[in-house]
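Scroll down for the structure; my scribbles are underneath it.
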Amino acid sequence: MAGKDIMKEMQSFISDIWRDIGIASNYRGISLLDPAYKILSIALLRRLEVYAEEILAEYQTGFRRGKSITDHIFTLRQLMEKCYEYNKDLHILFVAFKQAYDSIDREQLWIAFRNFRIPKKIVKLVEICNQQTFCKIRFIGETSENFECKTGLK
């Protein structure tokens, strides 16, 4: 069976998670992935991390091995205290990319990978993993029909 055919067999199930079942806004879905796909994705992640460390700036600490946002919080607090101490204005902007992972434009990601000179073989594997991605939803014991997920990543 070819690699592309194997990936077609790997679909995810979107299952429900409730913090408080009585409050609809507390609902969120989680994608449960095929174990074989998870192993492949971890291997790809390890390879991509090597390139990411060369590309990403030191100040980018989110979701990076061996990095902590705690240092940034400490620095920000120190900056705030010094501005207060010397009666200086401080303007801070925080941007929350809510559900960014689920809304990634795949074609733009492949272009970015190539622009950063990620090896073609790795890019192709990531592309194959995210082509023709199908999901099913499990909710209250029922399972939906397959549907294609055209944005975001597995």
| query | Can you name every residue in the stretch 114-139 that is farther than 19 Å from A52 by Cα, in contact (Cβ under 8 Å) with a residue 60 or more places away in the chain and not in a helix (DSSP H, G or I)? | reply | Q131, Q132, T133, F134, C135, K136, I137, R138, F139
| remark: In the set R106, R138, R64, the lone residue that is more than 19 Å from the chain's Cα centre (by Cα), of a type outside the set (S, T, Y) and surrounded by 10 or more Cβ atoms within 10 Å (Cβ to Cβ) is R138
| request: Might you check whether a residue that is modelled with pLDDT of 90 or more and part of a helix (DSSP H, G or I) occurs anywhere in the stretch 84-98? | output: yes
| note | Of those in the stretch 41-83 that are of a type in the set (A, V, I, L, M, F, W, C) and not in a helix (DSSP H, G or I), the residue farthest from K120 (Cα to Cα) is I69
| Condition check for Y59: in contact (Cβ under 8 Å) with a residue 12 or more places away in the chain, within 29 Å of T133 (Cβ to Cβ) and of a type in the set (F, W, Y) | no
| task | Determine whether S144 is among the small types (G, A, S) and more than 21 Å from the chain's Cα centre (by Cα). | result | yes
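The values are calculated or read from the model by the stated rules, or taken from the named source; none is laboratory data. Just so you know, these numbers come straight off a predicted model, no measurement behind them. Cβ atoms come from the backbone with ideal geometry, glycine included; neighbour counts cover every protein chain shown.
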